[in-house]
Amino acid sequence: MAELLPSLENIERLKVKPTAGELFLLNYMSEHLSDEYEVYFQPFLNGDMPDIIVMKRDYGVMIIEVKDWELSLYSVDYSNAWILDKNNAILRSPFQQVFGYKSNMFDLHINGLAEKNVLNKNVYKVIDTFVYFHNSSKSDIESLYSNAEKTLKEKAAKNNEKFKGKEIDFQKYEKARIYLDRKSRQIKRDNNISIHSDNLKYKINKILNTQNRLFEDDIYYEFRRYLKPPMHVASQGIDIDYGKKQSRLVVSGTGLLQKVKGVAGSGKTTVLAKRAVNGHKRHDGKILILTYNKTLRNFIRDKISDVRDDFSWGSFAILNYHAFIKSQINACGLEFSTKENMSIDELSIFYEQIYSNTSLFEGHEKLIEKYNTILIDEIQDYRPEWINIVRKYFLSEEGEMVLFGDESQNIYEREIDRDKTFNIRGFGRWERLTKSYRAQSESQLVSLLKDYQTNFLIQKYDIDTIESKPTQMQLAFDVIEGTTLPLKVKENIDDIFESIVKNITKHEIHPNDIAIVSKNIEILRSLDKKIRERTNEETMRTFEKEEVYQEVKKRESEIVYNNNSIRKEFKEFEVQKRLDIELKKLRDSLKFSFEQNSGHLKLSTIHSFKGIEASFLIYIATDKDSEEITYTAITRSKKDLILFIDKHNRYRDFFKKHSSIKMN
């Protein structure tokens, strides 16, 4: 008998009862699958709630979407679009929905899976997908697709006739042929992964019955960690001395709408973490925590883990805004079509318009889970429309919602009001945190940050300067002698590497305490390669290794240049498009799995390291760094700050004034 999680008894006690189809399939699998199988019902995966997930160690994972639909009420056209006949509304295919869950497993949920998949496309096969249509038969499925299959055959024949009759050239013929062939294969695929009353026994008997060597134990246990979240007990936390203002802001309450601004290191994330736990304790419900920066997920998780209290990790959804909205679009079955051959930038603009549409979920409210507590970090990076969407569709009637931010780190240059603050209405006055806990108040680093605020930021934003005590120290920041170099960054990677290794060795810095940040990924990639090759130690990155980059680029180039259907003048564009898509998937996965306390030296773009901190920070400046980006970079340090800066960088004079190191 398969292991059901939760048990059937607990499933039947849920507030939202399982559908007849879900309950039937769970009972059937429980009886017909051996105890090697783990069957999870609607696991809560950072906002995603697939109906059923089946897993078997050494074999793989299966995601099953369950539909209690009367298929006679629907039709499918030749483009494989699902249509509700009574009003001709286009729906997202249930197959696209289950593929969406699978995609999110790689891109959002399971650490390391996307990187494995980029390097070996067969890894994608460790997850299978099916759609179970309850009370439907084989003839119902065939009837659903019959018109689409007939139309595709007719269009293919027509396309052939036009080409033979010289009505269209080869390029138009080939483009149409490829499109029609793709749609035909999609329909056959969907037919093949449909479970119905006539093939139920056969499909269940075939579930994960072939070993897959790519489903390695590290992947299996990572799945278990997400599918079966552990309890956090009070003894796992640490004693945190909350300040007076912090103690007031960690209190959870019904219907509270608040916004909190704080200087760098003021403990905004510490307050957010405690507020999240207190919210869960108050209403015993799920907590939604949203960021903008993907890498913050594990940092926030670490901060929640520091809280000395009992709670279930399965109660917290922590992810960035776009990933959350993407998961909700999938859950609601919304469908958006894109044009062919859109570049990565064009796709980004297209989806940005969707993510900012305040009517996005209109008419789908019943499919959306509401939260009694919503906490948003990095609010300075949010568009006003995003805040409105979250509040409108996802906050319960008496729920609390708290926004945390710092205008000084406005690295995406969001618009501000005349009073130099962000346009956020309906959340009361700003609560202000002005004391920095990241570095000691009398430290040289805090003096540097205050002076930077005065010189570059106060005239632009309504910010609070960091509270600090006067210092008699000669230096304005804790810089290690000999490491602030007046050099051209791109041309001196070797010098930068030698300087970093020299000081790490001299001062016996543990790799876990070190972070290297820059705006330029090429610089970081080159430096990362040298560090791994010369020190023989692994690193943690928010971007791909240099050798992975070259391998992916080579593979995508070979695919494109071996494809005769792509015109020669479009091949370079197609290579770049495919490379951008693959790298985005890989980088997103690396950001989601980024661990501050991994034990490894860390390299990250400044954008991805925003909100995180390191005791020993190395900042490689570029001449394109804005005032906000530079401030964000230097505020990531808790103690030591090392700066590499070009001779002609516009911030060089400021740092030269604060440094005892001679800069020629």
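The values are calculated or read from the model by the stated rules, or taken from the named source; none is laboratory data. Since we're looking at a predicted model, the values are computed, not measured. So basically every Cβ, Gly included, is an ideal-geometry build from the backbone, and we count neighbours across all protein chains shown. Just the protein is used for accessible areas: all its heavy atoms, side chains included, with ligands, DNA and RNA removed. Shrake-Rupley method; radii C 1.70, N 1.55, O 1.52, S 1.80 Å.
Structure notes:
- Residue in the range 557-571 that is more than 19 Å from residue 121 (Cα to Cα), in contact with a Phe, Trp or Tyr (Cβ under 7 Å, 6 or more places away or on another chain) and part of a helix (DSSP H, G or I) present: yes
- Verdict on residue 102 being under 30 Å from residue 540 (Cβ atoms), out of contact with any Cys (no Cβ under 8 Å at 6 or more places or on another chain) and open to solvent by 50 Å² or more (accessible area, probe 1.4 Å): no
- The lone exception for residue 114 - which of (1) touching a residue at least 60 places away in the same chain (Cβ under 8 Å); (2) outside any strand (DSSP E or B); (3) open to solvent by less than 50 Å² (accessible area, probe 1.4 Å); (4) closer than 19 Å to residue 25 by Cβ it fails: (4)
- Any chance residue 260 is surrounded by fewer than 17 Cβ atoms within 10 Å (Cβ to Cβ), farther than 26 Å from residue 1 by Cα and at pLDDT 85 or above: no
- Neighbours by Cβ (under 7 Å, 6+ apart or cross-chain): first from the range 330-343, among the aliphatic types (A, V, I, L, M) and assigned to a helix (DSSP H, G or I); second surrounded by fewer than 13 Cβ atoms within 10 Å (Cβ to Cβ) and at pLDDT 70 or above: 331/367
- Conditions (1) open to solvent by 80 Å² or more (accessible area, probe 1.4 Å); (2) under 21 Å from residue 63 (Cβ atoms): number failed by residue 190: (1)
- Unique match (being closer than 30 Å to residue 113 by Cα and touching a residue at least 40 places away in the same chain (Cβ under 8 Å)) among 268, 228, 259, 245: 228
- Every residue from the range 263-277 that is open to solvent by 10 Å² or more (accessible area, probe 1.4 Å) and at pLDDT 95 or above: 274
- The range 558-606 - residue that is among the aliphatic types (A, V, I, L, M) and under 17 Å from the mean Cα position of the chain (by Cα) and, of those, modelled with the highest pLDDT: 606
- Residue pairs whose Cβ atoms lie under 9 Å apart, sitting 6 or more positions apart in sequence or on different chains, and linking a residue in the range 43-72 that is open to solvent by less than 20 Å² (accessible area, probe 1.4 Å) to a partner that is assigned to a loop (DSSP other than H, G, I, E, B) and among the charged types (D, E, K, R), are 43/228; 47/369; 56/36; 63/51; 64/51; 65/51; 66/51.
- Pairs linking a residue in the range 181-201 that is farther than 15 Å from residue 64 by Cα to a residue that is assigned to a helix (DSSP H, G or I) and open to solvent by less than 80 Å² (accessible area, probe 1.4 Å), with Cβ atoms under 7 Å and 6 or more positions apart or on different chains, are 183/152; 184/152; 187/145; 187/148; 187/149.
- Residues that are open to solvent by 10 Å² or more (accessible area, probe 1.4 Å), in contact (Cβ under 8 Å) with a residue 40 or more places away in the chain and not hydrophobic (A, V, I, L, M, F, W, C), drawn from the range 298-314: 302, 305, 306, 308, 309, 310, 312, 314
- Which listed residue is surrounded by fewer than 19 Cβ atoms within 10 Å (Cβ to Cβ), modelled with pLDDT under 95, within 25 Å of residue 22 (Cβ to Cβ) and of a type outside the set (D, E, K, R), from 119, 84, 108: 84
- Within the range 227-256, the set of residues being within 15 Å of residue 432 (Cα to Cα) and either part of a strand (DSSP E or B) or touching an Asp or Glu at 6+ places or on another chain (Cβ under 7 Å) (or both) comprises 249 only.
- Single unsatisfied condition, residue 254 versus (1) more than 24 Å from the chain's Cα centre (by Cα); (2) over 29 Å from residue 42 (Cα atoms): (2)
- Checking each residue in the range 231-242 for being surrounded by 12 or more Cβ atoms within 10 Å (Cβ to Cβ) and either among the β-branched types (Val, Ile, Thr) or touching a residue at least 40 places away in the same chain (Cβ under 8 Å) (or both) picks out 232, 236, 237, 240.
- Wholly within the range 598-664, strands (runs of 3 or more DSSP E) carrying at least 1 residues that are under 21 Å from residue 453 (Cβ atoms): 614-620, 637-645
- Any hit, the range 62-74, residues being farther than 23 Å from residue 6 by Cβ, among the polar types (S, T, N, Q) and over 23 Å from the mean Cα position of the chain (by Cα): yes
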